[in-house]
Amino acid sequence: MKKTIKLLLSAAILFSATLTANAQLLKKENFSVPDPMHFGVRGGVNFNTFTHYNTYAFPTAGVALDYQLTPSAPIFIGTGLSYVNYVVSDGHELDEYQSTLHIPATLSYHINVAPHVFINPFAGFFGAYYLHTTFDESLNYGFRIGCGMNFKRLTFDVAYDAGLAKHKMWASEGLKSSTVFLTVGFNFVGKR
């Protein structure tokens, strides 16, 4: 819980700092406005854990889409679909692998910090459907926060998912997921 609070506090500080920087940078010339829509592929690694269990790293891949809500402000709604693996392990002999499809829904603010370079803090929710699981439930959901950086068509993102669904496995009840994503991507539609 303390880690989640520290992460949320860090995201709030980062968001307020970038808003301040954006206000100063908008006064300069040669800064661009992002295209109103972006669609592309993402790939990277996710680090996940369930309450009181070890952390593991797995590859992740998917597609992402974001669309500008209003032409007067660089606020975007984003979604996508990604394949994510989890493992629940007691650190000894019991390992249970979980495969999911993640669908996020986020709001982001695209801040132009240099020509063709944008910083995008974002927050929202995610839903996940377990394709392969030993849990009693087949759904997970929770909050997502993070920040991205875009250079023309390239994207770099860091995100944190805090799962709210309580899962039951072995003798443990109330297991919640925590996942950190590091991804790199390429937009086929739209550029910065």
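The values are calculated or read from the model by the stated rules, or taken from the named source; none is laboratory data. Being a predicted model, the structure only gives us computed values, none of them experimental. Glycine gets a Cβ as well: all are built from the backbone with ideal geometry, and neighbour counts include every protein chain shown.
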If E29 passes every condition in (1) farther than 28 Å from Y129 by Cβ; (2) modelled with pLDDT of 85 or more but one, which one does it miss? (2)
Subset of the stretch 108-127 [touching a residue at least 40 places away in the same chain (Cβ under 8 Å) and under 13 Å from the mean Cα position of the chain (by Cα)]: S108, N120, P121, F122, A123, G124
Residues of the stretch 174-189 satisfying the condition of being farther than 30 Å from P34 by Cα and surrounded by fewer than 22 Cβ atoms within 10 Å (Cβ to Cβ): G174, L175, K176, S178
Scan of the stretch 59-75 for residues that are more than 15 Å from the chain's Cα centre (by Cα) and surrounded by fewer than 18 Cβ atoms within 10 Å (Cβ to Cβ), ordered by number: Y67, L69, T70, P71, S72, A73, I75
Being in contact with a Ser or Thr (Cβ under 6 Å, 6 or more places away or on another chain), in a strand (DSSP E or B), at pLDDT 85 or above and β-branched (V, I, T) narrows it down to one residue among T106, T60; which is it? T60
How many residues are closer than 24 Å to Q68 by Cβ and modelled with pLDDT under 90 when one looks only at the stretch 35-52? 1
Leading residue by the ranking (modelled with the lowest pLDDT) among those in the stretch 84-98 that are surrounded by 15 or more Cβ atoms within 10 Å (Cβ to Cβ) and not charged (D, E, K, R): S89
Across the stretch 115-149, the tally of residues that are modelled with pLDDT under 90 and assigned to a strand (DSSP E or B) stands at 5
Output the residues belonging to the stretch 103-160 that are surrounded by 15 or more Cβ atoms within 10 Å (Cβ to Cβ) and among the charged types (D, E, K, R). R144, R153, D157
If you go through the stretch 153-175, how many residues are of a type outside the set (G, A, S) and at pLDDT 85 or above? 9
Taking the condition at pLDDT 95 or above and assigned to a strand (DSSP E or B), does P74 pass? no
